[in-house]
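Student: Structure provided below as structure tokens; questions to follow.
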Amino acid sequence: MESKPCVASLTVKNSNVLPPDTNSYGTMFGGLLMAQMDDVAAIAATRHARKHVVTASTDSVDFLYPVKEGDTICLEAFVTWTHNTSMEVFVKAVTENLILGDRKVCATAFLTMVAIDENRKPTIVPPVHPESKEEIFLHQGGAKRAELRRERRKNSKEMAQTFGTSFPWNEQSRL
């Protein structure tokens, strides 16, 4: 399968931040921003794989600067690293006050997307190759981040097994 450059998956999406998008402090709901980041990551991954994709994980989303009502939000995403059926997608969110021209990176995250076939089973994706110094920087850390995700997923499965599906937990555990 032929390798594709990171830039081939570049996806950019802009939108206004309106009153229904904000909390009582007049700043954008974090969950809404996360949903928009997931959406743009899915578009970038689909563009790379030319297959349907599902979200496998989201690394920590760090909210660096508030997004205010009346601002715009610009999301940029591209595939940085691949492994068999999965793609790591870097997403950057930039808030902008269009009147003042003030722009700030308000959040970043890595999302892992998995390509699926017509039977909804994971399917092979093309490799990705970086070209710019920023793409090379992100690509070089991809394998290490993937290993950290595998460890985090293992811990999450252990946590799910420990707590199960019911609440309150076993009365014995309260003693």
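Student: I'd like the Karplus ³J(HN,Hα) series for segment 66-75: coefficients 6.51, -1.76, 1.60, θ = phi - 60°, whole numbers in Hz, and an x wherever there's a Gly or Pro.
Tutor: Couplings: x, 9, 9, 3, x, 6, 10, 10, 10, 10 Hz.
Student: Under a GNM of the chain (C-alpha, springs under 10 Å), which listed residue has the highest mean-square fluctuation: MET34, MET159, MET113?
Tutor: Sorting by GNM fluctuation, first place goes to MET159.
Student: Within segment 31-47, list the residues whose amide N lies under 15 Å from a label point set 7 Å along Cα→Cβ of ASN97.
Tutor: Inside the label zone: nothing.
Student: Do the alpha carbons of any pairs in LYS51/LYS157; LYS51/LYS133; LYS92/LYS133 sit beyond 18 Å of each other, and which pairs? Intermediate values should be presented prior to the final figure.
Tutor: Details: LYS51/LYS157 28 Å; LYS51/LYS133 28 Å; LYS92/LYS133 16 Å.
Beyond 18 Å: LYS51/LYS157; LYS51/LYS133.
Student: Show the residues, 5+ positions off or on another chain, whose built amide H is closer than 5 Å to the amide H of ILE116.
Tutor: Answer set, sorted by chain and number: HIS52, VAL53, VAL54, THR123.
Student: Starting at the first residue of segment 143-160, write each ³J(HN,Hα) from the Karplus equation 6.51 cos²θ - 1.76 cosθ + 1.60 with θ = phi - 60°, in whole Hz, x for Gly and Pro.
Tutor: 5, 5, 5, 5, 5, 4, 5, 4, 5, 5, 5, 4, 5, 5, 5, 5, 5, 4
Student: Tell me, what HN-Hα J-couplings in whole Hz come from the Karplus equation 6.51 cos²θ - 1.76 cosθ + 1.60 at θ = phi - 60° for each residue of segment 48-60, using x for Gly and Pro?
Tutor: For segment 48-60, the Karplus-derived couplings read 5, 7, 6, 9, 5, 9, 10, 7, 9, 6, 10, 5, 3 Hz, x marking Gly and Pro.
Student: For segment 24-61 and segment 103-143, write down the distance between their C-alpha centroids in whole Å.
Tutor: One Cα centre to the other: 12 Å.
Student: Moving on. Separation between the SER3 and LYS68 pseudo-spin-labels, each 7 Å from Cα along Cα→Cβ, expressed in nm?
Tutor: 4.5 nm
Student: Here are a few candidate values for mean projected area of the Cα convex hull in nm²: (1) 13.7; (2) 12.8; (3) 10.6. Which one was actually calculated from the structure I just gave you?
Tutor: Structure-derived value, by its label: (1).
Student: If you stretched the chain out fully between GLN140 and VAL12, how much longer would it get, using 0.36 nm times the residue separation minus the C-alpha to C-alpha distance?
Tutor: Values: separation 128, 0.36 × 128 = 46.08 nm, distance 2.31 nm.
This chain segment gains 43.8 nm when fully extended.
Any read-out appearing in this document is the output of simple, stated calculations on the displayed coordinates, not a laboratory observation. Quantities reported herein were computed from a predicted structural model and do not represent experimental measurements. Glycine also receives a Cβ, built like all others from the backbone with ideal geometry; neighbour counts cover every protein chain displayed.
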